[in-house]
Amino acid sequence: MQRIGNADDLQIALGALAAQSPRLGAIAAQCPEIPLRLMPAGFAGLAEIVTGQMISKQAAAAIFGRLSAAASPLTAETYLRLSPEALAGIGLTRAKQATLKGVANAIADGTLDLAAIGIMPADEAMKRLMHHRGIGAWTAEVYLMFCAGHIDIFPAGDLALRIAAADALGHSTRPEIDALRALAQAWKPYRSVAARVLWAHYARITKRDVLPVG
């Protein structure tokens, strides 16, 4: 399975996407940068993505910074050793605490193997991740993109992607999730690259960086 593991991989895939979709290639050329934003696989990477669910990038960075400092190095085991008082001071919601505790327990008892999930086909990996409470499609897709390097994942439910796609493709309203997912079929097998292009386009037109990690 082809992966994005470094900046060179991204540039090669970006060139292939531009040849396949000149419109996205032209949009990419207008952006100052198409960020790579890879992060390590494993509990720490998944915890960072869970932390960032439904809050601003700045707030997520602050909370994850406190979490990383409280449980260093951040692993399933160190997370499970955090006291209720320590968790209360980090700023995670109760729902996110429950999600991370469930994931950490699954890793600790061997029922969740993130290394194995990282090399599975995307559909199977998504099912395994979404089996766990609090891990929805967006979280699973972003994990596979940025932690496992999947090249053909597209988180169509991401609001910034929907806004960017509407602007980039000349739509008067942002596409619904299923409609955007259907549109993204044209960008296979480089949908993770297309998502990066659209996030970069969103950042350019709104002056806001919302790429989920990094």
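The values are calculated or read from the model by the stated rules, or taken from the named source; none is laboratory data. All values derive from a computational prediction rather than experimental measurement. Here Cβ is always computed from backbone atoms with ideal geometry, including for glycine, and neighbour counts include all displayed protein chains. Quick note on the areas: whole protein, heavy atoms, side chains included, nothing else; ligands and nucleic acids left out. Shrake-Rupley method; radii C 1.70, N 1.55, O 1.52, S 1.80 Å.
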For the range 128-186 versus the range 86-104, the gap between their alpha-carbon centres in whole angstrom = 25 Å
Lysines with Cα under 29 Å of K127, excluding same-chain neighbours fewer than 8 positions away | K57, K96, K101, K188
Surface accessible to a 1.4 Å probe, H171 within the full protein complex, Å² | 80 Å²
Please express the Cα-Cα pair-distance distribution P(r) of the range 1-53 as a list of whole percents, one per 10 Å bin, running from 0 to the bin with the greatest distance.
-> 21, 40, 29, 11
Hey, what does the equivalent ellipsoid look like for the chain, semi-axes from the Cα gyration tensor as sqrt of 5 times each eigenvalue, largest first, whole Å?
-> 31, 18, 15
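Rounded to the nearest 20 Debye, what is the dipole magnitude of the chain about its Cα centre when Lys and Arg each give +1 and Asp and Glu each give -1 at the C-beta? If you can, show how the numbers build up before the last one.
Numbers: 21 positive and 17 negative charges, 95 e Å.
In debye, rounded to 20, the chain gives about 460.
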Table column - 3J(HN,Hα) (Hz), the range 143-150, Karplus curve with 6.51, -1.76, 1.60, x for Gly and Pro = 4, 5, 5, 9, 9, 9, x, 4
What full-extension length gain, to one decimal in nm, is calculated for A88 and R3 as 0.36 nm per residue of separation minus the Cα-Cα distance?
-> 26.8 nm
State, in angstrom, two size descriptors of the range 34-138 derived from its alpha carbons: Rg to one decimal place and Dmax to the nearest whole number.
-> 13.5, 40
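Where nothing but the Cβ of Lys and Arg (+1) and of Asp and Glu (-1) is charged, how large is the charge dipole of the range 45-145 around its Cα centre, in debye to the nearest 20?
Numbers: 9 positive and 8 negative charges, 69 e Å.
Here the size comes out at about 340 debye.
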Any idea which of I63, G110, W138 is furthest toward the positive side of the dipole for the chain, if Lys and Arg beta-carbons carry +1 and Asp and Glu beta-carbons -1?
-> I63
Which percent of Cα-Cα pairs in the range 1-90 sits in each 5 Å bin, short to long?
-> 2, 12, 17, 17, 12, 12, 11, 7, 6, 3, 1
Round to a whole number: what % of the accessible area of the range 154-194 belongs to carbon and sulfur, probe 1.4 Å?
-> 51 percent
Cα convex hull of the range 135-214 - mean projected area over all directions, nm² | 5.0 nm²
What is the gain in length, in nm to one decimal, between A137 and A29 on full extension, counting 0.36 nm per residue of separation less the C-alpha to C-alpha distance?
-> 35.9 nm
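Counting heavy atoms of the protein chains only and a 1.4 Å probe, report the per residue accessible area for the range 1-131 as a whole number of Å². Working shown, then result.
Working: 7040 Å² over 131 residues.
Accessible area per residue, the range 1-131: 54 Å².
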Rg/Rh (Cα only; Kirkwood hydrodynamic radius) as it applies to the range 41-88 | 0.95
